[in-house]
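The values are calculated or read from the model by the stated rules, or taken from the named source; none is laboratory data. Source: prediction; values computed, not measured. Methodologically, a virtual Cβ is constructed for each residue, glycine included, from the backbone with ideal geometry; neighbour enumeration extends over all protein chains shown.
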Amino acid sequence: MDGAIVSEHRSTVLVTGASGFVGRPLVAALAHAGFAVRAATRNQDASFPAGVERLLVPDFTHPIDWDAIVRGVDVAVHAAGLAHPDASEIPEARFDRVNRAATQELCDAAARAGMKRLIFISSVRAQVGPCASHTLRETDEPRPTDAYGRSKLAAEAGVRACGVPFTILRPVVIYGPNARANIRTLVRLAALPVPLPFAGLTSRRSLLGVDNLISVVLFALANPATAGEIFLVADPRPATIEEIFTMLRRAQGRRPGLVRVPPNVVRLGLAAIGRGALWLRIGGELVVDTAKLEAAGWQPAVETFRGLAEVLPGGGTGLVARVVG
């Protein structure tokens, strides 16, 4: 059946961005699942599990000749791309080149090679800005608000048009070991030895454990019904900002240490220290409905608290059972 990938046949999977935050554990999971994995990376020092084929690829700021890279590949998981917590600091043309044009070149090569499947890891930002006034669903009209989101939405259009069976994933902010950007900021704040002014902040945020994202990729490979579909991807239950900081501090073996401060004071305080953009991610809601993905049969691999514990130095070892139990 079109779109079905069966690991028992030793299908070859290409992973782009293979040495990145998502790519590295994804490569390991695919290899463990029995796939032959071809890891495409710019990092000459990247190491992968035994049996994984490593291919060095050039910077995506220049045209990429994907034909030799995709030769013999059954499916590609395109995880590489340019992201930045403040998209205004990077020219829109750079986002377009790395996120749209390089994806289009990969899609064209995949079509020429007769690839069976293309899984594109896009972003919720292809659909919306840093916050939303309602719970997001795949049926909502995409309205990206910055260059990053627009480049991801344009890349999705190329994926949908290239003629290769595809699945497009729109993950929310991803947490996990060695997390970056916004999650790293939250972890650093939680680690401060001072009370934090986030008690009573009831804005909710959908989060996504990296292990849960990987489980969605594996689910899509095993389920042909996911071909031709777009899925919002998140842990099923959103958390308030107060809950997130409480979970992070409890995973450190600490009391929450949160104090109640009027939201406007928090907003002005962040602006005063040059972190005004962070308020949109703390004071505003961004909740996605994962009903479509769950109705297809996916179940999360990791519960949110356990995943957040892994974000911390030492992975919250010995603390998770005590706090959750």
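Considering only strands (runs of 3 or more DSSP E) fully contained in the range 2-84, which possess at least 3 residues that are on the phi < 0 side of the Ramachandran plot and surrounded by fewer than 19 Cβ atoms within 10 Å (Cβ to Cβ)?
Qualifying strands (runs of 3 or more DSSP E): 53-56.
In the range 106-163, what count of residues is obtained for those that are within 16 Å of the chain's Cα centre (by Cα) and crowded, with 17+ Cβ neighbours inside 10 Å?
Count: 18.
Which residues, taken from the range 239-277, are part of a loop (DSSP other than H, G, I, E, B) and of a type in the set (Gly, Ala, Ser)?
Within the range 239-277, GLY253, GLY257, GLY274 meet the criteria.
What single numbered condition from (1) modelled with pLDDT of 85 or more; (2) of a type in the set (Lys, Arg); (3) closer than 22 Å to ARG125 by Cα fails to hold for ARG250?
Condition (3) is where ARG250 drops out.
Can you run down the residue pairs with Cβ atoms below 9 Å, 6 or more apart or on separate chains, where the first is in the range 204-230 and farther than 25 Å from ARG281 by Cβ and among the acidic types (Asp, Glu) and the partner is modelled with pLDDT of 95 or more and in a strand (DSSP E or B)?
Qualifying pairs under 9 Å: GLU229/PHE166; GLU229/THR167; GLU229/ILE168.
Quick check on this structure: which one of LEU208, LEU218, LEU192, LEU201 is surrounded by 19 or more Cβ atoms within 10 Å (Cβ to Cβ) and more than 30 Å from THR12 (Cβ to Cβ)?
Checking each option against the conditions leaves just LEU201.
Okay, residues lined up against (1) modelled with pLDDT of 95 or more; (2) among the basic types (Lys, Arg); (3) under 20 Å from VAL216 (Cβ atoms):
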| position | (1), (2), (3) |
| --- | --- |
| SER7 | no, no, yes |
| GLY17 | yes, no, yes |
| ALA28 | yes, no, yes |
| ALA40 | yes, no, no |
| LEU55 | no, no, no |
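Rundown of residues vs (1) touching a helix residue (DSSP H, G or I) at 6+ places or on another chain (Cβ under 8 Å); (2) among the polar types (S, T, N, Q); (3) more than 20 Å from ARG281 (Cβ to Cβ), yes/no style:
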site	(1), (2), (3)
LYS116	no, no, yes
ARG137	yes, no, yes
PRO142	yes, no, no
ASP146	yes, no, no
LYS152	yes, no, no
ALA155	yes, no, yes
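Could you list all residues from the range 223-266 that are touching a helix residue (DSSP H, G or I) at 6+ places or on another chain (Cβ under 6 Å) and more than 19 Å from ARG188 (Cβ to Cβ)?
THR226, PHE231, VAL233, ASP235
Within the group ALA93, ALA110, ALA68, which residue is more than 25 Å from ASN212 (Cα to Cα) and in contact with a Cys (Cβ under 7 Å, 6 or more places away or on another chain)?
ALA110
Can you tell me which residue is nearest to ALA132 (Cα to Cα) among those in the range 221-242 that are surrounded by fewer than 22 Cβ atoms within 10 Å (Cβ to Cβ) and among the acidic types (Asp, Glu)?
Of everything passing the filter in the range 221-242, GLU242 is nearest to ALA132 (Cα to Cα).
To keep it simple, each residue is scored yes or no on (1) touching a Pro at 6+ places or on another chain (Cβ under 7 Å); (2) without any contact (Cβ under 8 Å) to a residue 24 or more places away in the chain.
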residue	(1), (2)
GLN127	yes, no
HIS134	no, yes
THR139	no, yes
PRO177	no, no
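With the requirement that a residue be touching an Asp or Glu at 6+ places or on another chain (Cβ under 7 Å) and closer than 25 Å to LEU192 by Cβ, what does the range 222-266 give you?
Across the range 222-266, the qualifying residue is only LEU258.
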